[in-house]
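The values are calculated or read from the model by the stated rules, or taken from the named source; none is laboratory data. If you're wondering where the values come from, they're calculated on a predicted model, not measured in any experiment. We place every Cβ from the backbone using ideal geometry, glycine too, and count neighbours over all the protein chains shown. Calculation scope for accessible area: heavy atoms of the full protein, side chains included, ligands and nucleic acids excluded. Shrake-Rupley method; radii C 1.70, N 1.55, O 1.52, S 1.80 Å.
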Amino acid sequence: RRSRAAAAAMREADLTPLVVCSVPFFAGLLALCTVAVLLARVRRADPGQGVQAAIAAQISEGARAFLLTEYAYLAPFVAGMAAFIVGVLEGQGEPPRGASNKGGWQSMICFILGATLSAATGWFGMAVATESNVRTMHAARRGLNPALQVAFAGGGVMGFSVVALGILGLTVLLFAFSQARFSSSDAPEAFLAVLQDAVRYLAGFGFGGSAIALFARVAGGIYTKAADVGADLVGKVESDIPEDDPRNPATVADNVGDNVGDVAGMGADLFESFVGSIVAAASLASNHRELALPFWVAGFGILASSIGVFVVRTKDDASQKHLLHALHSGVYCAAALALAFTALVVWLLWGDPDDGWALADSRTPWKYFGCVGIGLVSGIGIGEATEYFTSYAYYPTKSITEAGSMGGAATVIIQGLGVGMLSCLPPVIIIVVAIIACYSLGGVYGIAVAAVGMLATLGVTLATDAYGPVADNAGGIAEMTPDCPEEVRERTDALDALGNTTAATGKGFAIGSAVLTALALMNAYARDVGIDLGTDEVLTLDLTEPLVLSGCLLGAMLPFLFGALTMLSVRKAAGSIIVEVQRQFREIDGLLEGREGVVCDSQKCVALCTKASVKEMILPGAVAIFAPIVVGLLVGATCLGGMLVGAIASGFVLAVMMANAGGAWDNSKKYIENEKVFGGKKSDTHKACVVGDTVGDPFKDTSGPALNILIKLMSILSLLLAPVFRDDWETWWVGLIVLAVAVVFIVATWYFVWIKDDLEQPATDSTPAPPAKPAGEVELPVSQP
């Protein structure tokens, strides 16, 4: 019998590009089949007709117009960034140490494809969500479970579109780049170098996904919260009319925002996380099996998710806890199956068929299995902790409502901030324990594999998140439809409140996975830079060195700067909506009173939100992209490494606090509306919680979610450009040129988007609005497009 070493060498040689790529490729096809099944379920549902169909058409038209405008702005950026990647990487004197070529053209191809597929996932998810919303509302006429099935199917299309396009894009590129240079006569060591070269190019694919995700998340978040804040402040607070009232011109824009921010934006965000985790783990692999493991785990995770998504169902009189249990059943089922499939993957990759499938190395493979399990459990743990702090079924969110009953809006804000800060404790502890445990088991590669494990069931996890905006839209359409029965609105409200919790859970999950992914990408960057500099196998970051500590402080500041820019953008964009809604209430005679035949101009608000959000995304995006390039070229690779560490630590905690505080504020309001406590709607406590919800909107839907993309984007951009970063101050003159370009661009953007627009924007009208007619007496459709 051959020795174990000889058997292991044979198994290494068996892992050809075709074998490595086969499992993820067929998993991608399975995900597309799941998309087809879920899409058929959505389209079998009746959309109804009349006013509700017209409202849904307006929402769909507005969402499409926004994405087309956004992509038109992003096309020149993608072209310019592609040229920059080629110029910088091909402009090197020689290929990186250990590489066969400079990789500029290959990375450019990957970048363009990654950006294209990321945009495609957002577009397709948005299109299906705008089909699902009116069907969910119509299904709610029959009961809670039919409505849940339609809404969840719509969210599932988004989830499985992300994993399908992500894994197919990675697999096809890996196969194409490796197969072109593969020869069956190559020694395993030579073939591994071919695969590692191909994986190096895939960093461009991840960066393409990150860049689109950042702009989609920021622009979509600004859009949705500008409309939401404007509608709430003038409608609910100033004019005392209900949420989604057809008299409010901003209601359609608010519902459009749910699709472009929470569906298209979240889809692009998790597309990048999913892709980035696989690229990071493959970049840190030291042999064929380790390189194949993340692709195969992700592939079998898609199979587990495809089973889990069909487990979700509930009963018609379900409470919030029962609805949460229904969604959890799908997630937990998929997680258990994914863990079992991971054991199968370990057995297939490390087992020796000539020795009774005994593992070639009996300890290491099971350590990697443990890392995948830790990632899965950590993701579920973060979700549970987020749910506890944001669902009104538990004390933290109820405490915000109680605070509002005692002291009004001020105590709501104070209590919400406290809850948000306190909510950072469990996720941080979970991630710290996961990092330490995975490093003990599998080193930095084990941490990367844990990120893959956390995202293995992304198909069903993202479905529970994307379901929320569909349910929210369904409730909005029900409110704006004159002849809609009260029980339909009650059912959509129940689904909407659940959606707020699942959205907060999804954001916590996205942030946790972003930290593990960014940490793995940063380690891959440190390894690549260390090898290229020839001084060490890995770049060493000593926190006592001034340049490293300076980089940490700079990185810790960046999430706050980024968050400030996005928060200010929401305020600025919301100001234009407030002015427009006040103008229509003032100038359209009989609109606010609900006079028969008088309708609002909702398309004006849609156009204002679109224009403002795509302009406001430029400045935060420029800061995120210029920062690592300037620091890496001006100061050096060591300072950039410190900056990545600071950004990951600061961005993680700030993102968790903002997302959870916003979710808790939102559900403190829902608690009053759905459970009829503290005087119900229009009580003083309700008004106080509406103010808290308005403050929390940009926290949870704009700034917080965008921070996890920030830390991933800087990490993967650093990895992509690692070959051009040198020792301290070695390329300072190049850095000065890039810094000058960055300063000119940022100052010009600041002036034209912020200063000039502020000078041209009219002031808000402080004149009190006339008393509104009660919403129950209004039976008006919104204006037709």
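Some points to look at:
- Meets criteria (surrounded by fewer than 14 Cβ atoms within 10 Å (Cβ to Cβ), at pLDDT 50 or above, closer than 30 Å to G642 by Cα and not polar (S, T, N, Q)) for A763: no
- Residue tally, condition within 14 Å of F26 (Cα to Cα) and out of contact with any Pro (no Cβ under 7 Å at 6 or more places or on another chain), over region 297-308: 7
- Matching option when the condition is open to solvent by 60 Å² or more (accessible area, probe 1.4 Å) and within 30 Å of C21 (Cβ to Cβ), among L441, L348: L441
- Restricting attention to region 647-663, the residues that are open to solvent by 10 Å² or more (accessible area, probe 1.4 Å) and not hydrophobic (A, V, I, L, M, F, W, C) add up to 1.
- A497 vs. criteria open to solvent by less than 10 Å² (accessible area, probe 1.4 Å) and in a helix (DSSP H, G or I): yes
- Considering only residues in region 180-193 that are assigned to a helix (DSSP H, G or I) and open to solvent by 10 Å² or more (accessible area, probe 1.4 Å), the one that is modelled with the highest pLDDT turns out to be A193.
- Unmet criterion (only one of (1) charged (D, E, K, R); (2) in a helix (DSSP H, G or I); (3) under 24 Å from A340 (Cβ atoms)) for R313: (2)
- Of all the listed residues (G50, G87, G80), the sole one being at positive phi and surrounded by fewer than 14 Cβ atoms within 10 Å (Cβ to Cβ) is G50.
- Consider region 27-46 and keep the residues that are of a type in the set (G, A, S) and without any contact (Cβ under 8 Å) to a residue 24 or more places away in the chain. The one that is nearest to N133 (Cα to Cα) is A40.
- Residue among A57, A53, A65, A72 that alone is of a type in the set (A, V, I, L, M) and closer than 16 Å to A211 by Cβ: A72
- Just one of (1) at pLDDT below 80; (2) open to solvent by 10 Å² or more (accessible area, probe 1.4 Å) fails for G235. It is (2).
- Among the residues listed as L68, L74, the single one being within 30 Å of Q603 (Cα to Cα) and exposed (fewer than 14 other Cβ atoms within 10 Å of the Cβ): L68
- Residue pairs meeting the criteria (Cβ under 9 Å; at least 6 apart or on separate chains; first assigned to a loop (DSSP other than H, G, I, E, B), in region 218-242; second at pLDDT 85 or above and among the β-branched types (V, I, T)): S239/V581
- Given (1) closer than 26 Å to F274 by Cα; (2) surrounded by 18 or more Cβ atoms within 10 Å (Cβ to Cβ); (3) modelled with pLDDT of 90 or more; (4) not hydroxyl-bearing (S, T, Y), number of the condition I400 does not satisfy: (1)
- Residue within region 70-93 that is charged (D, E, K, R), within 30 Å of L148 (Cβ to Cβ), part of a helix (DSSP H, G or I) and more than 21 Å from the chain's Cα centre (by Cα) present: no
- Residue in region 670-679 that is in a loop (DSSP other than H, G, I, E, B) and open to solvent by less than 20 Å² (accessible area, probe 1.4 Å) present: no
- In region 82-138, the residues that are closer than 30 Å to P469 by Cα and without any contact (Cβ under 8 Å) to a residue 40 or more places away in the chain: F124
- Tabulated pairs, region 547-573, first free of Cβ contacts under 8 Å to residues at least 60 places away in the same chain and within 13 Å of W754 (Cβ to Cβ), second crowded, with 20+ Cβ neighbours inside 10 Å and of a type outside the set (D, E, K, R), C-beta under 6 angstrom, 6+ apart or interchain: L565/L619; L565/P620
- Every residue from region 99-122 that is modelled with pLDDT under 90, open to solvent by 10 Å² or more (accessible area, probe 1.4 Å) and part of a helix (DSSP H, G or I): W105, Q106
- Helices (runs of 4 or more DSSP H) fully within region 682-756 counting 2 or more residues that are open to solvent by less than 10 Å² (accessible area, probe 1.4 Å), at pLDDT 85 or above and in contact with a Leu (Cβ under 8 Å, 6 or more places away or on another chain): 704-720
- Meets criteria (buried (at least 20 other Cβ atoms within 10 Å of the Cβ), of a type in the set (D, E) and modelled with pLDDT under 90) for D666: yes
- L543 meets all of the listed conditions (1) open to solvent by 10 Å² or more (accessible area, probe 1.4 Å); (2) in a helix (DSSP H, G or I); (3) not hydroxyl-bearing (S, T, Y) but one, namely (2).
- Residue in region 572-593 that is in a helix (DSSP H, G or I), touching a Phe, Trp or Tyr at 6+ places or on another chain (Cβ under 6 Å) and β-branched (V, I, T) present: no
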